[in-house]
Structures are given as C-alpha cells and as structure tokens.
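What follows is a set of notes on a single structure, which appears directly below.
The values are calculated or read from the model by the stated rules, or taken from the named source; none is laboratory data. Bear in mind that the values here come from a model prediction, so they are computed numbers and not experimental data. Using ideal geometry, Cβ is built from the backbone for each residue, glycine included, and neighbour counts are taken over all protein chains shown. Protein only, heavy atoms only, side chains kept; ligands, DNA and RNA dropped before computing areas. Shrake-Rupley method; radii C 1.70, N 1.55, O 1.52, S 1.80 Å.
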Amino acid sequence: MKDIEESPITRNGNSLILAYDHGTEHGPVDFEPMPASADPTHVFDVGRHDAVTAIALQKGLAEYYRLWETENDVEGGAPLLVKLNGNSNLAAREDYYSPKQCSVRYAVEELDAAAIGYTMYAGSVHEDEMWTDFREVQEAARDYGVPVVLWSYPRGRGIQENEEYTGQTDPDVVAYGARLGLELGADVVKCKYPGSQEGWQALEDVVGELKTVMSGGSKRSDEAFLDDVSSTLEVGGNGLAVGRNIFQRENPEPLLDKLETVIFEDESA
Amino acid sequence: MKDIEESPITRNGNSLILAYDHGTEHGPVDFEPMPASADPTHVFDVGRHDAVTAIALQKGLAEYYRLWETENDVEGGAPLLVKLNGNSNLAAREDYYSPKQCSVRYAVEELDAAAIGYTMYAGSVHEDEMWTDFREVQEAARDYGVPVVLWSYPRGRGIQENEEYTGQTDPDVVAYGARLGLELGADVVKCKYPGSQEGWQALEDVVGELKTVMSGGSKRSDEAFLDDVSSTLEVGGNGLAVGRNIFQRENPEPLLDKLETVIFEDESA
Amino acid sequence: MKDIEESPITRNGNSLILAYDHGTEHGPVDFEPMPASADPTHVFDVGRHDAVTAIALQKGLAEYYRLWETENDVEGGAPLLVKLNGNSNLAAREDYYSPKQCSVRYAVEELDAAAIGYTMYAGSVHEDEMWTDFREVQEAARDYGVPVVLWSYPRGRGIQENEEYTGQTDPDVVAYGARLGLELGADVVKCKYPGSQEGWQALEDVVGELKTVMSGGSKRSDEAFLDDVSSTLEVGGNGLAVGRNIFQRENPEPLLDKLETVIFEDESA
Amino acid sequence: MKDIEESPITRNGNSLILAYDHGTEHGPVDFEPMPASADPTHVFDVGRHDAVTAIALQKGLAEYYRLWETENDVEGGAPLLVKLNGNSNLAAREDYYSPKQCSVRYAVEELDAAAIGYTMYAGSVHEDEMWTDFREVQEAARDYGVPVVLWSYPRGRGIQENEEYTGQTDPDVVAYGARLGLELGADVVKCKYPGSQEGWQALEDVVGELKTVMSGGSKRSDEAFLDDVSSTLEVGGNGLAVGRNIFQRENPEPLLDKLETVIFEDESA
Amino acid sequence: MKDIEESPITRNGNSLILAYDHGTEHGPVDFEPMPASADPTHVFDVGRHDAVTAIALQKGLAEYYRLWETENDVEGGAPLLVKLNGNSNLAAREDYYSPKQCSVRYAVEELDAAAIGYTMYAGSVHEDEMWTDFREVQEAARDYGVPVVLWSYPRGRGIQENEEYTGQTDPDVVAYGARLGLELGADVVKCKYPGSQEGWQALEDVVGELKTVMSGGSKRSDEAFLDDVSSTLEVGGNGLAVGRNIFQRENPEPLLDKLETVIFEDESA
C-alpha cells in the first residue's frame, strides 16, 4: 500500500496493465483473431505505448521480454509485472486452482520485475491453499519492496452452490473479492466489472485506499468498453487490466490513445 | 502465560479486544448496518477509546493501520493484535478450516504486533492440521516474546455428529475448547458465551490461571450484553472481544464507556 | 537405550510416570470425579511424591509447570516429560491420528524437558504418517540427548478389521506394538496391560533390553491394580504410567506409597 | 532461452537427442527387438555418432555413463542430458504423473549434466503438481546455467474428456503444449508429431524463438520418418529426440548419418 | 556403482546380507519357530559368521547393535546396513507403502552405517511417493559415500490388475524391478527369485553391471535353496539376502558355511 504511488506501474495514481498471459490460460486459440499476437515481440511492441504502465507476463515470456529489450536496445518498454501463478485450461481439476510457476525471488532478482501478480479464486474448494500460497508471495514481495497485484476472481463451487449469488460478476461477489485484496495485503486488486457503476461503487466503498483496476471485457463495442472504464474511474477506480481487447486488434493504438486520456488525463484534470 | 500481565493488551489483568476481521470472515455484508464501518480508518478511530486494549486485524488491515498511524501522527491507538489466520465464507469446504495468511515473523518484525491471534476449530475434520499450524505459531510467538490469543471455537462435524453436544455454545464444548487453550500453550483464550454464568464458571474451573475473554454476541440489548460480560468477570473471566456490536453502531462511545467500567474498574475495586 | 539408566526418569531402572494429558485427550469430563484435579497445580503437587519419576504434560501445562516451580520455589518436583503429540476427542477423524503440538527443540531448550513422549497408533490408516513424524522426533531427541518414551497403542481400522485380533489389548497386538518401540528406536515403551502376566511375558520376550511400562487401567480395585503392576514387574516390566487412577482420588498418597514399594523397592530387593 | 545457441546440446541451432529412458518408462520389453540395447554401454556407444548432440538418461544411467567414460577413456561421447523425472508403467495411477528422481543440484554438480529434462503432462489431474515441480527445476537450472528441455506431452483426463480434442497428437493439443514450454520458461520443447507439416507449422507459429524438437515415432518406414523430420525442420523445427527407432536397430549408423544431414547440414545450407 | 567393489558389504564382488527386519515387517510371529531369535543379540551373534557381509537392521536395532558391540567388545561383527524404511503389517493401507524411519544422516553419522537400504514397491498407487523418497535417500547416500541397496519389490494394484503379470515373482515383473534399480541409481538391487534360472538370467540381461542379490525364500529344502542361490550366481547374480531361513533354525552355522562356499568361493574359483 505504502509505495504504490511511487511505483512505475502507476501514473497519476492509476494503471493500465497490458495482460498477456493468454497463452498460458487459454492456449493458442486466443491468438486466432490476430495471428501476429502469438508472437510475443508483437505484444511487447504494443506495450511501448505510453498508456501502458505495466505488462503482465508469465515467467517464460518475462525472460523473453528481457532478452528482447537487450537485443533490440529498447527504451520505454512497459514496466514488467511478473504473473507468479497461472494454469492451463487443459487440466481436469476438481475446482479452480492456479499453481505458482515463478518465485518472487526469481521474478525480482533475475527478471527485475517492477511488480508481481497473483490470481486467487476465493470460492473454490482450493481457496485455502491459495491463501497459503499468497501469504508467502505477499511477504516475499514486501521483503523485496515490490507491489503486489491481486487478480481477485471469486469463482468455483462455493459461488456456484450459493443461491444468494448470481455468479462471478455478482456485485456482492466482486466486492467481497475486492475486500479480500485489502484484508490480505495486496497493493492493487483486479476485479471483474460487476455490470454497473453502482456495482463498482459498492466495491470502492469497502476497500479503503486500495488501488482497484477493472478486468477488461472483450465483447463490447469500444464505446461501451470506454464507458465502463470511465464509470469505474468516476467512482474511485484506478484503471484497467486489458489483454485480448488490445492485442487481438489490427491496430490497437487508437484505443490505447483513448484509454490513456480516460485513465490518466481526465483524472488529473 | 508468563508475560501476559505485563503485556499492553491487558490492563489490570483484563482485556477488551476490538475485533475487526469481518471483512475477511463475512465480507462487506457486515458493514451494511453502518456503512462507514467499511472504512478501516473509521474503526481505527474507534479503537482509540481508552477501553480498547487491543485491535485485532488481518495482515492487510494491519499494514493499513501502521500507515494510518504514521500519516495521522496518531497517539494512543490500540495495541495491535495481528490475526494470523482467517477465511472467507465464499469457499466450499469439507469442514471448518482457517488458513494462515500472515507469519509470526511478519507480524512482529514488520508490523510490530503486540500480540498475535489464531483461530482453532477443534471438532472439524481439519482439527489436526490446525494443531500443527498452531504449534509453529505458538513457538514462534514465544521466540519473539509476544502473547498468543487463541480463538478457540470448537465446531464442525465432530460436534455436529456427537449426540452429547447441543452445539457450539454447549457448556461442555466451550469448556473443552478453553482447556485446549491451556493445554496447547495460549496466553489468552477467546470463547463463545455458553449461555449462563454457570457455563462460564465451568470453563474457568478448568483453565487454571489462563486468561479468558468472552466472544461478543451481537443480538442482545446493551443491558443483556453488559450483564453477560459482568457475569463472566464475576467468575474469573478477563474481558471481552467484540466487533460488530461496537462498529455497527452510530456512536459506540457510550457502550465502550460502560464496558471500560465493567471490565477494568469494577474488577480493580 | 544407552542413557536411560542414567536418566532422572528412572530409579533402580524403573519408572512411575504420572500422566496428566487428559485435558487434551478427553477434556474436562475426566476431572469430574475429583474437581480439584482440573487445577494443574493440584496435580503438580501430587507429582512431588517420591514415587513419581516423571510427570507427563502437554506443552501448555509444561509451561505452567515451570512457572509454578519458579513462583513456588519448588524443589523435588517430578522430572518433566513433555508429551509432543496428542489430540482431542472432539474431532471427526477418518481413523486414529495424533498431531504434534510441541517440537523437540521447544521441549528441551525452552521447557528443559528430561524426556519426551510420543503416541503412535500402529494399525491406523494414518500409521505411516506417524512413523514419519516419529522419525523426526526420535532423531531430534537423540541430538539433544533426551530419552524417548513411546506410547505404543496399536488401534484403528487395521486392528478392527483383522479377524486374528480381539482388540487393543490382544496380547499379540500389544507385543507387536512393544516390538515396534524397539525397532523404531524408543528408550521406553508404554503398553496396554494385555490382561495377564503371560501376555506381558510375551511382550518382554520380544523387546530385548527395552524398558517397558504398563499403562494404568482405571477400573479395578487397588489390590487388583497393584497385582497387575506386580505381575508385569515379575516378568521384566519396568513400571507404570498412571493418570486418572491417581489424580481422581481424594488422597492419592497411600496408593503412591504402595506403588513406590512395588516398583522401586521390591525390585531392588 | 539465452544460452541455448551456445549450448553443446545444439549444433547450428538444432539438436538430435538420443533418448534412453525406456528402461524406466516401459521396462525391459523395449529392449526385446534388439537385446543388446538392454546394455547401457551399447547405447552409450551409439551416442558417439556425430549426429547426437545429447544423450538423455535417468540418474542411475547417467552415473553409469560417467563411469563408462572414465573407465573407457571415451572422448566424443554425447553431451549428457539428465532426465529429472520419469515413471514406470507398473504403477496404478489415478492419472498421469511423473515424479522427480534426480535433483538439479545432483545432475549438475555430481553428474556434470550439460542440460536437464523434465516431462510435463498438462491435461492430467496432476498437472498443477507438475507445474509446481517444474518451477523449482527451471529456477534451479537457471541458477546453474544449464538449459531446460521440456517433454511437453499433454494427456490425461482433461484431454480425454474434452470433446474438442482428438487425443495426444491433436494439433491444437500439441500446439498448446508447445506454447506452455514458452510460457513456463523452457529452452527447448519436445512435442509429439501432430501428423502433418501444417500441424507443426501451427506449433511453430505460437512459440516465438523457442527451440522445438519432434518426438520420434517408431512405427514408420525410414523414409516416412525422415520425411516427417524434414517437414518439421522446413517450418522452423529444430530437430529430433529419438530412442527406440535408433537403439532397436542392428545398425543405427546409416539412419544417424541421414538424420545428421537432414538436421544439421541441410539447415545450414 | 563406483565404490561397491571396495565396500565392506561385498567380498569377491558378492554379498550375503543377513536381514533382521522381521520384527518391524511381520511382528513377533516370525520369531515363534525359534523363540531365541526374538532376542536381537542372538541374531547379532549369528552375524559374526564369516559368510555374512552385512546385517540389515531398522534404526532401533541398529542402535542396539552398536551398544552390543561396545558392551561385548565384539570384533568381526557384520558390517551394518541400516534399513531406512519399513512398515508394520498392522496398518490398513490403501496399497503398499513403506515410510522412512531413519534419515541417511542419522544412519551414517550416528550409527556409522556401512550401507543403507530402501524398499520400493513399484506397482503400488504409492509408487510415485516412494520414488520421491528414494531420490532424497539416494542423493544423501552419495553425499556420504555409502552404497545403496534397493529392495525392489514390485507389488500392489498395478501388478494385480495387469493381466499380463502373474504376480510378484513373474519374471517380467522381477526384471522390470531390477532395471529400476539401475535406472534410479542403486548400487545393489535385491529381488525376489523369479522361479527359474532363466528368469534370473533375464534380470541379469537388463541391469548392466549392477549388483543383484536374491531375496531368500523360506520354504524349500536346504538343497533346493542352495540350488536356487547357485543358479542365480551362475548367470551373474551376486549373492543373497536371507533372514528367517537362517535365524529360525536352531543351528544356522552349517547352512551359512555352505552359503559361504557357494557365494564367495565358487565364484572366485
């Protein structure tokens, strides 16, 4: 919490995280709408847009990113956020779980990460294991002085079987997930858009000064998407984490320009 | 046991612990009766009342608490009790379990905790795991010289399926839970009110000099509540841990005033 | 094995262990026949009888014991045997298991234990976990030079489902359990009385020079009880571990006097 | 990724890995077509052919290999790739898993491995355990500066029960597996041949600059086999890992000569 | 592999291991045919016969053995092989597993073991756990420079449910088990006699220079037993591990004399 304002992953207090962990989470199918996006260097290049305050990568791509920077003498690339856990959708799992595939030590010492990310599926039968994993991650990150971004995505049997909840984007579920980010010691919490500004307001009401970023939806029009982003910012949101909606387009620059205005400039006005 | 009389979390041998772990345990729903209570700084302020000898917080809020103290140059805030384990009620669990989300090292070295807290659900199918977790916690706390408060809440399948017990507040269950606090090496044990002074007496009869605090009920009138507190103190109880009954009120000061009298002053008379 | 003759927990090669772990294992119900026995200091006092060569306590009570010694300037209290594992009977378990709640390091370095104790339930589906736990305990105890007392109590599904066995006191079961004490590296093995001198003889025949103590039964007359003790000593037994049969009586001194004669003096005659 | 071009396990950027882990994975049955192949020294000798850039062995055979080199004063033997995990097909498993039987430390410090190998079964119910195992392996290998070859073989319940997949050689499955090699930080990924050059092209499209080697099939004619190898090289593949197809023949030299031409010389032309 | 020829547990390249782990594995019932055999010192004495190149004991008996040597000023006792894992047959297990009850460190540093032994049940649902346990054992033994004897006994559900196998002594099963000894880095592998010289030959054909010892059967005549031993030696076997067939006899010396001739002298002729 302390240092997040000073961190390179924020600008004017807000963030735009370019997430590129789809090769892990969904596999090559996510690159089909824009085959060039399968090439990491293509997305690394997109990350050079001024709007991007962090690029979120799994360990292997983070190694690639550092190599690409060196080999291409890149300046101005996005600060590196190493995603410490993840999973494929190939596995047959009893319920949601995301194993660690990078240590904080490796992320910081070897990859020079500016921040680390961790996904938690509260509501899963494996929730308690993830709390335990997260404890180690959070404390190690504190030791290294890097901020912690929590992908807080409540889902799984506990949500499905609870008749009071309508699903992962139920405002009560999203707000509880965000509060867990505060309680467990994250610096930034990344949440699903709960469908309305009221929903985001409810979330902001329970997280104190914790930074919040909206998880980008991929299916709306640009206008609707920008409206959603704006609506979260208006009530205290701190930006966006976005992936396919950027790298699946032929030319992501116009949308990034608009997001830059919405996230960093309107706010500071 | 040794140092608890000297600890800042006691006064005249007794304690009033303001527990604010509801955002973890129950989620935002617990803030609804008093929306301002969702803001941690609101509750931190409540903790400045003289009656409060400890504020119990999860790791993320404890970090926030230390930041708030610094930024607001606060003096006289409540001593910090870091709650080391906890759980959400989002998860689907086979039976009760509460994973650790803070190490003793982090609580003491980084957060300067005056005490640590741990919840144990004896009676659960996960009881043995919690004993093992608690062993490490208790010994590390001894190494650091901070007292250990055990939330001893027997519940789960072992209680439910035992026809001799009527439930979590059965005096036999509560007394057994309290005795475990003594046997396992806690300095303070926090127990459910077993419904009568006789029940609390039975508990006191089996814990030697171990400190005991009653877990605050939220549904009675102030008068009935204060009577319960008094009734435990009369037979050897050492105070109260209370949360919603305080922070869900518009103005908690009058009740805190009364509790201060009951817990610290009547006793020393 | 090496040092047990020199250990303070033996006298003339034999032992009388006053076991007071009932608050953990059975809860307050075991104190009902003699309510004063719920107070640890009452039992600590009983342990000052010359007959007692060790008092067996769980960690929390061992801490209390050391405090009581200091505060009361006690001399001649019983040597401390810290029981490293234990369990409550609140839990719903698949089969018998007893988790560790004290490390050897803590028992020896912080509590100055003269010996450590460990319970093993061979025959349980958790037997293999307990062997693994015991391995660490036994080797750490060797490093610290304190003797190891094994509560060897075969029970659980493997015994129940084996038609060749009649139960926990079947002489074949008891003898196998005793032999495991020898094979696994205990210094003293504590066994159930198998119902006859022949049963104990069979046990002695398979344990070489390993020390054996009979686990005290609580339901016979004093005479029958002393006869059982004598009958084990006649065939090579080394004494008794006893709890309720002592602390549940109004005046345990006469029985302790007799036990002292039987265990330590007749033998040396 | 960084050092793989400089590694002895590549030549002109490509590799031919002679895999001899069949004694572990399948048992003696794999030696029946050519009984001499049961003798490790026979296969070590085959590995002296110039075409071979690495010989992949389990720990016990790797020890044997180093001994054989010393005793026979061998020069020009293949660089050693120690396979860190493996399994027998004797076990009854819930789903695919391959436990580690060699540490990176032992492979590098004691066996002087030039590279290490690890098999991952994405799609298994044990996938998450293997990710966790692989994380440690990959980071330790980075610390030692040895390249990591990932046998990426998606299989198990998650593949079988997914109607979109036809099996282990489904091009979508193979490509996802290859991408995981990139995301998780391998230097070389070893994949099943997906049945066509198009399939291999699809794989190459999603792995950036990661080295890829085809897993040798054993059942085709030499011509068909060499065609498959060529077809992968034409679209960016980096060679072959082959076992039975080599060591099960009376005289493997002619095929190795041809493979050398196809893998190392045509490419550099 | 390297040092086994120099090890005290071999003589002229062969071994006779006197195994005395029956008290752990089977309990007192194995001593009934010869009650004196329950006394470890009786068997230690048997081990002084020149034929014996190692005595295999569990930790507790190994401690006893060292004490017996000191107290009796014994010279010429058998080199000590500490068996690191074992199990009782009291437990109800899902499938075969043998937990460790002695660390390599303790065996070597405290007990001065000349070799260590480990039992692996390939074919069990717990096979993978045992591989992981064995990895640590094997590498620690290498660090200490003591040879590793693998009791390779494939059994359990994977064997029972495989229609291609007839059971634990199926020559294919035995040979696969032996090969695993080679692949996993044992120095000596102990296998069941597969019923014929052809079966043992098949085993020898797949283990390179690995030492092999036959597990002694207890039910044949001396002549048949010696024939079996000879038949394994003729095709490359390196001796015998034997227990009940020796210690259950009134006078084991004549059989040991004959075994000495067969194992050590005929071979060197």
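Of everything listed in (1) surrounded by fewer than 20 Cβ atoms within 10 Å (Cβ to Cβ); (2) away from every other protein chain (no Cβ under 11 Å); (3) β-branched (Val, Ile, Thr), the single unmet condition for B:Thr70 is (2). Looking only at residues in region C:94-121 that are over 23 Å from C:Gly181 (Cβ atoms) and at the interface with chain B (Cβ under 7 Å from one of its Cβ atoms), the one that is surrounded by the fewest Cβ atoms within 10 Å (Cβ to Cβ) is C:Glu110.
State whether the residues of region A:128-136 include one that is under 23 Å from B:Asn85 (Cα atoms), among the hydrophobic types (A, V, I, L, M, F, W, C) and open to solvent by 10 Å² or more (accessible area, probe 1.4 Å). No. Number of residues in region B:236-269 that are out of contact with any helix residue (DSSP H, G or I) (no Cβ under 8 Å at 6 or more places or on another chain), more than 24 Å from B:Asp21 (Cα to Cα) and at pLDDT below 95: the value is 3.
Scanning region E:1-20 for residues that are in a loop (DSSP other than H, G, I, E, B) and more than 12 Å from every other protein chain (Cβ to nearest Cβ) returns E:Ser7, E:Pro8, E:Ile9, E:Thr10, E:Asn12, E:Gly13.
If I filter region D:122-145 down to residues being part of a helix (DSSP H, G or I) and among the polar types (S, T, N, Q), which single residue comes out as farthest from the other protein chains (Cβ to nearest Cβ)? Across region D:122-145, the extreme among qualifying residues is D:Gln138. The numbered conditions (1) touching a residue at least 40 places away in the same chain (Cβ under 8 Å); (2) on the phi > 0 side of the Ramachandran plot; (3) over 17 Å from the mean Cα position of the chain (by Cα) are all true for C:Gly13 except (3). Pairs are defined by a Cβ separation below 6 Å, a sequence spacing of at least 6 or placement on different chains, a first member in region D:234-245 that is more than 14 Å from D:Glu209 (Cβ to Cβ), and a second member that is in a strand (DSSP E or B) and modelled with pLDDT under 95; the pairs so defined are D:Ala241/D:Ser215.
Scoring B:Ser37 on the criteria (1) in contact (Cβ under 8 Å) with a residue 40 or more places away in the chain; (2) more than 30 Å from A:Glu161 (Cβ to Cβ); (3) not in a loop (DSSP other than H, G, I, E, B) leaves a single failure, condition (2). Checking B:Ala186, B:Ala178 one by one, the residue that is under 16 Å from the mean Cα position of the chain (by Cα), in a loop (DSSP other than H, G, I, E, B) and at pLDDT 95 or above is B:Ala186 and no other. What residue, among those in region A:154-176 that are in contact (Cβ under 8 Å) with a residue 40 or more places away in the chain and open to solvent by 10 Å² or more (accessible area, probe 1.4 Å), is farthest from the other protein chains (Cβ to nearest Cβ)? Once the filter is applied, the top-ranked residue is A:Arg155. Only one of the numbered conditions (1) among the basic types (Lys, Arg); (2) in contact with a strand residue (DSSP E or B) (Cβ under 6 Å, 6 or more places away or on another chain); (3) open to solvent by less than 10 Å² (accessible area, probe 1.4 Å) is violated by B:Arg179, and that is (2). Out of all the residues in region B:30-45, which are open to solvent by 10 Å² or more (accessible area, probe 1.4 Å) and closer than 15 Å to B:Tyr65 by Cβ? Residues satisfying the conditions are B:Asp39, B:Thr41, B:His42, B:Asp45. Scanning region D:104-126 for residues that are touching a Ser or Thr at 6+ places or on another chain (Cβ under 7 Å) and acidic (Asp, Glu) yields no hits at all. Residues in region D:206-225 that are at pLDDT 95 or above and outside any loop (DSSP other than H, G, I, E, B): D:Lys211, D:Thr212, D:Val213, D:Met214.
Answer yes if at least one residue in region B:47-64 is in contact with a Gly (Cβ under 7 Å, 6 or more places away or on another chain) and either surrounded by fewer than 20 Cβ atoms within 10 Å (Cβ to Cβ) or at positive phi (or both), and no otherwise. Yes, region B:47-64 contains at least one residue that is in contact with a Gly (Cβ under 7 Å, 6 or more places away or on another chain) and either surrounded by fewer than 20 Cβ atoms within 10 Å (Cβ to Cβ) or at positive phi (or both).
Here is a yes/no grid of residues against (1) closer than 13 Å to D:Asp21 by Cα; (2) out of contact with any Ser or Thr (no Cβ under 7 Å at 6 or more places or on another chain):
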site	(1), (2)
D:Gly60	yes, yes
D:Leu90	no, yes
D:Asp95	no, no
D:Cys102	no, yes
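For region E:59-100, give me each residue that is part of a loop (DSSP other than H, G, I, E, B), touching a Lys or Arg at 6+ places or on another chain (Cβ under 6 Å) and at pLDDT 95 or above.
Step one: filter region E:59-100 for residues part of a loop (DSSP other than H, G, I, E, B), giving E:73-79, E:84, E:86-99.
Still in the list and also touching a Lys or Arg at 6+ places or on another chain (Cβ under 6 Å): E:76-77, E:84, E:92, E:95-96.
Of everything in region E:59-100, those that are part of a loop (DSSP other than H, G, I, E, B), touching a Lys or Arg at 6+ places or on another chain (Cβ under 6 Å) and at pLDDT 95 or above turn out to be E:Leu84, E:Asp95, E:Tyr96.
Selection of region D:189-230 for residues being more than 12 Å from chain A (Cβ to nearest Cβ), within 18 Å of D:Gly117 (Cβ to Cβ), open to solvent by less than 40 Å² (accessible area, probe 1.4 Å) and touching a helix residue (DSSP H, G or I) at 6+ places or on another chain (Cβ under 7 Å) yields D:Cys191, D:Lys211, D:Thr212, D:Met214, D:Gly216.
Scan region C:21-58 residue by residue and report those that are closer than 22 Å to C:Leu111 by Cβ, touching a strand residue (DSSP E or B) at 6+ places or on another chain (Cβ under 6 Å) and more than 10 Å from chain B (Cβ to nearest Cβ). Within region C:21-58, C:Gly47, C:Val52, C:Thr53, C:Ala54, C:Ile55, C:Ala56 meet the criteria.
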